[in-house]
1. Given R₀ = 41 Å, FRET efficiency for residue 221-residue 163 by Cβ-Cβ distance, to 0.05?
2. How large is the convex hull of the Cα atoms of segment 76-144 per residue, expressed in Å³ as a whole number?
3. What value in Å³ per residue do you get for the convex hull of the alpha-carbon atoms in segment 1-85?
4. Over all directions, average the projected area of the Cα convex hull of the chain and note it in nm².
5. Remind me, relative contact order of the chain in percent, using alpha carbon pairs under 8 angstrom and six or more residues apart?
6. Is it possible to state the helix-based mean residue ellipticity at 222 nm for the chain, with each DSSP H run of 4+ residues giving -39500 (n - 2.57), the sum divided by total residues, to the nearest 500 deg cm²/dmol? What is it?
7. How large is the Rg to Rh ratio of segment 114-222 when both quantities use alpha carbon positions and Rh follows Kirkwood?
8. Tell me which aspartates and glutamates have Cα within less than 14 Å of residue 71's Cα, excluding those fewer than 8 residues away on the same chain?
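What follows draws every value from the coordinates through simple rules; no lab data is involved. Note that the coordinates shown come from a computational prediction; the quantities given were computed from them, not determined experimentally. FYI the Cβ positions are ideal-geometry reconstructions off the backbone, even for glycines, and counts take in every protein chain you see.
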Amino acid sequence: MLISISDVLNADQLADVTSAFDRLVWKDGAETAGPVARQVKRNQQADLTRTVGPKVEQILSAALKQNPVLKAAAQPERFSSLLISKTGAGGGYGLHVDNAFMRVGDGSMRTDLSFTLFLSPPEDYEGGELVIEHAGATQTLKLGAGDLVLYPSSSLHQVTDVTSGTRLVCVGWIESRIQRADDRETLFDLINLKAELSRRLDAQSPEMLTLSKVIANLKRRF
Ligand code: NI
C-alpha cells in the first residue's frame, strides 16, 4: 500500500521547521547510505544533533507520531531517527532499495515502511520527483509542503535529478507491529470503515461493538 497524507505539518509547524534551516549544520548525504546506495546518493543531510537540530527533530517527530492516518496505516511499533535531506541543482538519488534493518539507539529495527515528508513547495524546484516502483506500477510524486507519502520499504525508488532550485524533505522509516503489508491493509480498511460508520451509529451499538472487537482481535493475531 502506498498512500499520500495531506497536511501532516500545519502552517505553524512548517514555518517553525523551515525557518530553522539556515541554522542547521549540513553534511554529505552519502555518509548515511549503505555501501550500494552511497554510490547513487547526491544530496546533503542536516546533522540533527547540533545547533537547532534537536528542536527541529522534535517538532517533526511529534507531528508524525500523532497523525491519525499515519498511525492507522502504519501501525508503528517504532520510528527510525529522522533525516532531513537537501538536494540542489545537479543532485538526486538514483534507484535503490532501503536497508532492511537500521540502528536505533543500542539495537536495530526492521524497516517495513518508508516515508517522505515534503518540506519545500513543488514550485521551489524543478525535477526532484520521488519515483516509486510498487506493485508492478511506477508512481511519480511531488507533493505539497507538509504532505507525506508512505510506501513499502521493499520498493525500489529514486529521486530524479533536481535541475534548479532546492528540494527539502524529511525521510524516515517505521517498523510496524504488523509485518505483512496485506494484513496492514485489511486493518486499515476496517479502521476506516469504523470511522465512517461512527458518523451514523452509536459507539455502543451492537454493530460498532462487533467491529471494535474484530479490529482488536485482528491486532492480537498479527
Ligand atoms: Ni530510499
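1. Working: r = 49 Å, r/R0 = 1.19.
Given R0 = 41 Å and the Cβ-Cβ separation, E is 0.25.
2. Convex hull of Cα atoms, per residue: 125 Å³.
3. Details: hull volume 10.6 nm³, N = 85.
With only Cα atoms used, segment 1-85 gives 125 Å³ per residue.
4. Working: hull surface 53.4 nm².
Its average projected convex-hull area is 13.4 nm².
5. So the answer I get is 24 percent.
6. Mean residue ellipticity at 222 nm (helix-derived): -8500 deg cm²/dmol.
7. 1.12
8. 112, 175, 185, 189
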